[in-house]
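Before any comments, here is the structure.
The values are calculated or read from the model by the stated rules, or taken from the named source; none is laboratory data. What you see is a predicted model; the values in this text were computed from it and never measured. Cβ: placed from backbone, ideal geometry, glycine included. Neighbour counts: every protein chain shown. Quick note on the areas: whole protein, heavy atoms, side chains included, nothing else; ligands and nucleic acids left out. Shrake-Rupley method; radii C 1.70, N 1.55, O 1.52, S 1.80 Å.
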Amino acid sequence: MIDRMKPIAEQSQANASESSTHTAGARIILMGPPGVGKGSVSDRLVDKFGMVHLSSGDILRAERSSGSELGETLKKYMDAGELVPDEIVIKIIIKSISSLDRSKGLLLDGFPRTVVQAKQLDDALAKMGLPIHGVLLLDAPEEVLLKRITGRRICPKCGRVYHIETMPPARDNICDSCGTELIHRDDDTEQVVRERINLYHKETEPVIEYYRKSGVKIIEVNADATIDEVVERAIEGIRQVILSEKKGKTS
Ligand code: AP5
């Protein structure tokens with residue numbers, strides 16, 4: 001199991017049973033509304049392929065709980081379900097990307113979330129010679145998202161994610177991996193989630209259109225299914241992305 005709070009370099013040491021395949025080297029943006037399962041799917045893909053998982057939410061939460069001045073600023077936005085201003089997020093995420101192990105595939109989760117972020121990301125990756133291969137777009141009905149988020153519990157120590165009904169820990173409210181008491185995220189209340197979903201429609205859906213117009217392959221994945229089924233669909237989606245990339249190069 002991948003530790004979502006670990007530094008990226010350590011994550012990339014993860015079990016990479018298919019690391020010699022093209023799928024393992026894919027650079028993919030995982031998009032979708034809050035609670036659709038981006039983090040859960042990423043963890044499984046990282047376990048299977050050894051890709052590097054870069055979650056803007058995890059990185060911002062780590063900064064937030066560091067007690068820094070920046071952390072206090074982030075708290076204000078995140079607890080209200082608002083987006084952190086572009087200039088702050090871009091600086092933090094691009095810095096993380098530039099320290100990546102370039103021999104691994106990449107899963108970007110939660111970034112970019114605005115068209116401004118997408119353009120800056122494109123510029124940064126172009127400079128590094130690491131273009132995005134495709135976008136996996138997860139979706140599920142709003143009532144499913146609400147149920148998933150309000151029932152989510154996370155481990156504040158290792159970042160492992162649970163759900164009180166669909167993925168409960170073996171011992172009530174205790175993390176299976178490290179034995180720490182689980183918590184409910186401050187922004188996982190129904191009111192804040194609705195605000196996050198509204199912002200997704202307003203600010204993040206235009207990013208999908210931006211990539212469509214840029215000719216980036218977008219694969220839609222129905223995420224209203226068990227986690228095993230969604231992961232299978234995501235893997236198939238990545239294979240399609242890589243296949244179309246290869247075709248593009250040979251045609
Ligand atoms: P972030 O942490 O990115 O939140 P999010 O996008 O709202 O996504 P979530 O983490 O809530 O959900 P997820 O899709 O990863 O679902 P998960 O796998 O956990 O961002 C938080 C905040 O940070 C933002 O509001 C903003 O303030 C700020 N921020 C972050 N990035 C930013 C950016 N780029 N720009 C500006 N601000 C930014 O699953 C949810 C639950 O469902 C879990 O309990 C899980 O166990 C369960 N579950 C998952 N899949 C299934 C399944 N198939 N079946 C049953 N249960 C499932």
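Looking at segment 52-67, I want the residues that are open to solvent by 40 Å² or more (accessible area, probe 1.4 Å) and have a partner that is within 11 Å of the ligand (Cβ to nearest atom) and in a loop (DSSP other than H, G, I, E, B) with Cβ atoms under 6 Å, at least 6 apart or on another chain. Which pairs are those?
none
Is it true that Asp79 is open to solvent by 30 Å² or more (accessible area, probe 1.4 Å) and near the ligand (Cβ under 8 Å from one of its atoms)?
No; evaluated as a whole, the condition is false for this residue.
Just one of the numbered conditions (1) touching a helix residue (DSSP H, G or I) at 6+ places or on another chain (Cβ under 9 Å); (2) surrounded by 15 or more Cβ atoms within 10 Å (Cβ to Cβ) is not true of Glu209; which one?
Condition (2) is where Glu209 drops out.
Surrounded by 18 or more Cβ atoms within 10 Å (Cβ to Cβ), more than 10 Å from the ligand (Cβ to nearest atom) and closer than 16 Å to Val36 by Cβ: is that true of Val135 in this structure?
Here the answer is yes, as Val135 does meet what is asked.
Determine if segment 90-101 includes at least one residue that is within 11 Å of the ligand (Cβ to nearest atom) and over 26 Å from Ile238 (Cα atoms).
For segment 90-101, residues within 11 Å of the ligand (Cβ to nearest atom) and over 26 Å from Ile238 (Cα atoms): present.
Determine if segment 190-205 includes at least one residue that is at pLDDT below 95, more than 16 Å from Arg113 (Cβ to Cβ), open to solvent by 30 Å² or more (accessible area, probe 1.4 Å) and in a loop (DSSP other than H, G, I, E, B).
Within segment 190-205 (the criterion being at pLDDT below 95, more than 16 Å from Arg113 (Cβ to Cβ), open to solvent by 30 Å² or more (accessible area, probe 1.4 Å) and in a loop (DSSP other than H, G, I, E, B)), the answer is no, since none of the residues qualifies.
Does Ala118 qualify as being farther than 21 Å from Glu195 by Cα and more than 11 Å from the ligand (Cβ to nearest atom)?
When the stated conditions are applied, Ala118 does not pass them.
Among the residues of segment 212-227, what is the count of those that are under 17 Å from the mean Cα position of the chain (by Cα) and either in a helix (DSSP H, G or I) or among the polar types (S, T, N, Q) (or both)?
Total meeting the criteria: 2.
Return yes when Pro156 is surrounded by 14 or more Cβ atoms within 10 Å (Cβ to Cβ), closer than 22 Å to Asp58 by Cβ, modelled with pLDDT under 95 and more than 8 Å from the ligand (Cβ to nearest atom) and no when it is not.
Considered against the rule, which asks whether it is surrounded by 14 or more Cβ atoms within 10 Å (Cβ to Cβ), closer than 22 Å to Asp58 by Cβ, modelled with pLDDT under 95 and more than 8 Å from the ligand (Cβ to nearest atom), Pro156 comes out as yes.
Can you tell me which of (1) in contact with a Ser or Thr (Cβ under 8 Å, 6 or more places away or on another chain); (2) near the ligand (Cβ under 7 Å from one of its atoms) is the one Val41 doesn't meet?
Going through (1) in contact with a Ser or Thr (Cβ under 8 Å, 6 or more places away or on another chain); (2) near the ligand (Cβ under 7 Å from one of its atoms) one by one, Val41 breaks only (1).
Among the residues of segment 160-180, write down those that are more than 10 Å from the ligand (Cβ to nearest atom) and either without any contact (Cβ under 8 Å) to a residue 12 or more places away in the chain or open to solvent by less than 70 Å² (accessible area, probe 1.4 Å) (or both). I'd like the intermediate steps shown before the answer.
Initial filter on segment 160-180 (more than 10 Å from the ligand (Cβ to nearest atom)): 169-180.
Once the filter is applied, which keeps residues that are more than 10 Å from the ligand (Cβ to nearest atom) and either without any contact (Cβ under 8 Å) to a residue 12 or more places away in the chain or open to solvent by less than 70 Å² (accessible area, probe 1.4 Å) (or both), segment 160-180 yields Pro169, Ala170, Arg171, Asp172, Asn173, Ile174, Cys175, Ser177, Cys178, Gly179, Thr180.
Do any residues in segment 91-120 that are open to solvent by 60 Å² or more (accessible area, probe 1.4 Å) have Cβ atoms under 6 Å from those of residues that are within 12 Å of the ligand (Cβ to nearest atom), where the two are at least six apart or on different chains, and which pairs are they?
As it stands, the answer is Arg113/Thr204; Val116/Asp86; Gln120/Ile90, since those pairs meet every condition given.
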